[in-house]
Amino acid sequence: MEAIINLHQDVMFYLIIILVLVLWLLVRFVVRFNNYNGAFPSGSVQSHNTTLEIVWTITPALLLIIIAIPSFALLYAMDEIIEPTITIKVLGHQWYWSYEYSDNNATVGFDSYMIPTKDLVPGDFRLLEVDNSLVVPTNTHIRFIITSQDVIHSWAVPSLGLKLDAVPGRLSATGAFIRRAGHFYGQCSEICGIGHGFMPILVEAVDTAKA
């Protein structure tokens, strides 16, 4: 997620420069065109300029290449799963999540349901709090194996840069490396039925010594 944010900031830098340049060119063109009463003089370089046309064709192409190279690198990095320390299975249901820790020759599983609005306490987030959060350690390579028992769901935690479809009969995998402790909220991002908006995700990252 940090890399996604950094790429966004870099692209925004180029976009602002392009916006200012194009706006300046349009304003200057309108002013100059108006001064000539709607027509440039015959043979004017403003109306026919081969060099200018080459420049404004090649420059956007170069900018797209500059943006594309780190974008492709980031896409490949997001698909790469480093040898994990912990593997967690995520199973989507209508309409709740199940989690299984399956390392060290032992399997520990539990269901995670949304806490109803009437049971919330001050400080809780409506439609985002769950009765059993997914507890994971910080500074640890984690692999999530995601699937579904019934229909297509989508396990998404935006603040961690995670979003992967849970498809029945298919295992999808993604990785995470959480740098700081905290609560990270998400929701099912696939329209999976009448309870689609009521199956939140809460990942609770704790210090490695406490996990």
Quiz item: Taking the range 117-131 on its own, how many of its residues are surrounded by 14 or more Cβ atoms within 10 Å (Cβ to Cβ) and either among the acidic types (Asp, Glu) or over 19 Å from the mean Cα position of the chain (by Cα) (or both)?
Solution: 5
Exercise. Please specify each residue of the range 163-211 satisfying the condition of being of a type in the set (Asp, Glu) and either part of a strand (DSSP E or B) or surrounded by 15 or more Cβ atoms within 10 Å (Cβ to Cβ) (or both).
Key: Asp165, Glu190, Glu204
Practice problem: Being without any contact (Cβ under 8 Å) to a residue 12 or more places away in the chain and either aliphatic (A, V, I, L, M) or assigned by TED's automatic domain parsing to the domain that holds Val136 (or both) narrows it down to one of Ile178, Ile191, so name that one. | Solution: Ile191
Quiz prompt | Check on Pro70, touching a residue at least 60 places away in the same chain (Cβ under 8 Å) and over 21 Å from the mean Cα position of the chain (by Cα) | solution = no
Self-check item: Within the range 92-140, tally of residues that are hydrophobic (A, V, I, L, M, F, W, C), in a strand (DSSP E or B) and either touching a His at 6+ places or on another chain (Cβ under 9 Å) or more than 22 Å from Ile194 (Cα to Cα) (or both)
Solution: 6
Quiz prompt | Residues satisfying the stated conditions in the range 98-116, i.e. exposed (fewer than 11 other Cβ atoms within 10 Å of the Cβ) and either among the hydroxyl-bearing types (Ser, Thr, Tyr) or not assigned by TED's automatic domain parsing to the domain that holds Gln187 (or both) | solution = Thr107
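The values are calculated or read from the model by the stated rules, or taken from the named source; none is laboratory data. No experiment lies behind these values; they were computed from the predicted model shown. Positions of Cβ are backbone-derived with ideal geometry, glycine not excepted, and every protein chain shown enters the neighbour counts.
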